[in-house]
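The next block holds one structure in the form of structure tokens; read it before the comments.
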Amino acid sequence: MDICVCSMVVIGYQILNRTAYILDQYIAMRNQSIKFIGIRNGYKILSLCIFTLFPLWAYAQSGKPAQEVLEFYQKYMTACAQPFMEKPNLELDGLFCNMDIKNYVTSQLYKKIIHAYKAGVYGDLAGDRDYFTHTQDFSVEWISGMKTTEIEKSRNNSVVRLFMSVPQEVGESQAVCVRLQREGNDWKIYQVDPSLDTDLPDCKSK
């Protein structure tokens, strides 16, 4: 009888131990599963954040149109104020004051100005004025009085008003409407609106 009791105790003990072991294994596996699911969900959330925020970040990293316009006109007026020698093989250099203007204007606008110049119809673009400033003459001194204001902007297009404060002894202040389009992360000028009824357009209508 004692032997039977002992056997039953031993067997019961083994069963309890095995049950505890199985339970421990189950808990461990469940914890691992929870961790895996948590990691997987974490990766999903991270991926979602990357795909959602990266385009916005890239878009924000592109230069602001108003800044691009101001930088272009500062460099353009500075370049045009510098003396330069005409090069026989680069007869069009003087047209852009020897400036690498392709960094700031679209290839379409560049070709349009070149074509008009070669065809003898440059005046059709801006009359007898400079295409970019709509003035016959300008000075590097105007740079300190230039201000840019973004009037309209969409994801890929922008209209910037450039105000040029001209000294009173020279003439009246001027403004031009500069239209830009987005090319990758860059903003490039594709048109400077011709001056119509006023030298101070508000750039709010095309």
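The values are calculated or read from the model by the stated rules, or taken from the named source; none is laboratory data. Treat the numbers as computed from the prediction; the structure is a model and nothing was measured. Cβ: placed from backbone, ideal geometry, glycine included. Neighbour counts: every protein chain shown. Quick note on the areas: whole protein, heavy atoms, side chains included, nothing else; ligands and nucleic acids left out. Shrake-Rupley method; radii C 1.70, N 1.55, O 1.52, S 1.80 Å.
Tabulated data for the structure shown
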quantity: Fraction of accessible area attributable to carbon and sulfur, region 121-206 (%, probe 1.4 Å); calculated: 42
quantity: Mean Cβ neighbour count within 10 Å, used as a protection proxy, ranking 146-153, 178-185 highest first; calculated: 178-185, 146-153
quantity: Solvent-accessible heavy-atom area per residue, rounded to whole Å², over region 87-171 at 1.4 Å; calculated: 60
quantity: Relative contact order [Cα under 8 Å, 6+ residues apart], region 112-206, whole percent; calculated: 20
quantity: Too-long pairs where the Cα-Cα distance tops 18 Å, listed order kept, from Lys153/Lys204; Lys112/Lys188; Lys64/Lys147; Lys64/Lys188; Lys111/Lys204; calculated: Lys111/Lys204
